[in-house]
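The values are calculated or read from the model by the stated rules, or taken from the named source; none is laboratory data. Just so we're clear, the structure is a prediction, and the values are computed from it rather than from any experiment. For neighbour counting, all protein chains shown are included, and Cβ atoms are generated from backbone atoms with ideal geometry for every residue, glycine included.
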Amino acid sequence: MQPTQETVAEIESVLDKFCQGYGKKDIDALLSLFDSNPDVLVIGTGEDEKRTGLVEIRIQFERDFRQSERLTVEFENVAISQQDSVCWIAGDTNVYFTAEERAMHVLLRFTAVLTRHDGKWLFVQTHFSVPFSDGTE
């Protein structure tokens, strides 16, 4: 289920816009990347971070932005698959942020589902998680 080169470029553009919006703490820019369907879902790394619908997703972004002074998000190792007007993606996310004047970095895993509406790819689901390591290899 290989995507076309055009689809890959479009999905990469959506991810770039997500990174830019997050770095600028621009909630409206971020929400414009999500489908307006009431079932749109964002799952974060916190126990209570399961948000359905744009109103709840806005609340999550506001909370994320209150918790840090500066934010940088970078996606890498992104795998993209496509079936008609649906794409599913997975990869790694590096989040660099400053909180209480302390610089930090967190590696996250992410998956997402996007659907194509009116010529635009929009998120219908995102899920970020923290990889677990028990210290053994």
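Scanning region 50-68 for residues that are assigned to a helix (DSSP H, G or I), of a type in the set (Lys, Arg) and surrounded by fewer than 15 Cβ atoms within 10 Å (Cβ to Cβ) yields Arg63, Arg66.
State which residue is farthest from Arg70 (Cα to Cα) when the search covers only region 25-49 and only residues that are outside any loop (DSSP other than H, G, I, E, B) and touching a helix residue (DSSP H, G or I) at 6+ places or on another chain (Cβ under 9 Å). Here the answer is Leu41. Ser133 satisfies every condition listed in (1) outside any strand (DSSP E or B); (2) at positive phi except (2).
Of the set (1) surrounded by 12 or more Cβ atoms within 10 Å (Cβ to Cβ); (2) closer than 24 Å to Glu47 by Cα, all apply to Ser81 but (2). The residues listed here are Val106, Val113; of these, the one that is surrounded by 14 or more Cβ atoms within 10 Å (Cβ to Cβ) and assigned to a strand (DSSP E or B) is Val113. For residues in region 102-137 being charged (D, E, K, R), more than 11 Å from the chain's Cα centre (by Cα) and modelled with pLDDT of 95 or more, which is nearest to Pro38 (Cα to Cα)? Per the stated criteria, the residue is Arg116. Selection of first residues in region 93-106 that are in contact (Cβ under 8 Å) with a residue 12 or more places away in the chain and under 13 Å from Pro131 (Cα atoms) and of second residues that are of a type in the set (Phe, Trp, Tyr) and surrounded by 11 or more Cβ atoms within 10 Å (Cβ to Cβ), restricted to Cβ pairs under 6 Å at least 6 apart or on distinct chains, gives the following pairs, ordered by first then second residue: Thr93/Phe75; Thr93/Phe110.
Pairs linking a residue in region 10-36 that is more than 18 Å from Asn77 (Cβ to Cβ) to a residue that is of a type in the set (Lys, Arg), with Cβ atoms under 7 Å and 6 or more positions apart or on different chains, are Ile27/Arg58; Ala29/Lys17; Leu31/Arg58; Leu33/Lys17.
Keeping to region 69-87, report how many residues are in a strand (DSSP E or B) and either closer than 17 Å to Lys120 by Cβ or not hydrophobic (A, V, I, L, M, F, W, C) (or both). Before you say what the answer is, go through the steps one by one.
Keep residues of region 69-87 that are in a strand (DSSP E or B), which gives 70-83, 86-87.
Next, only the ones that are either closer than 17 Å to Lys120 by Cβ or not hydrophobic (A, V, I, L, M, F, W, C) (or both) stay: 70, 72, 74, 76-77, 80-83, 86-87.
Qualifying residue count, region 69-87: 11.
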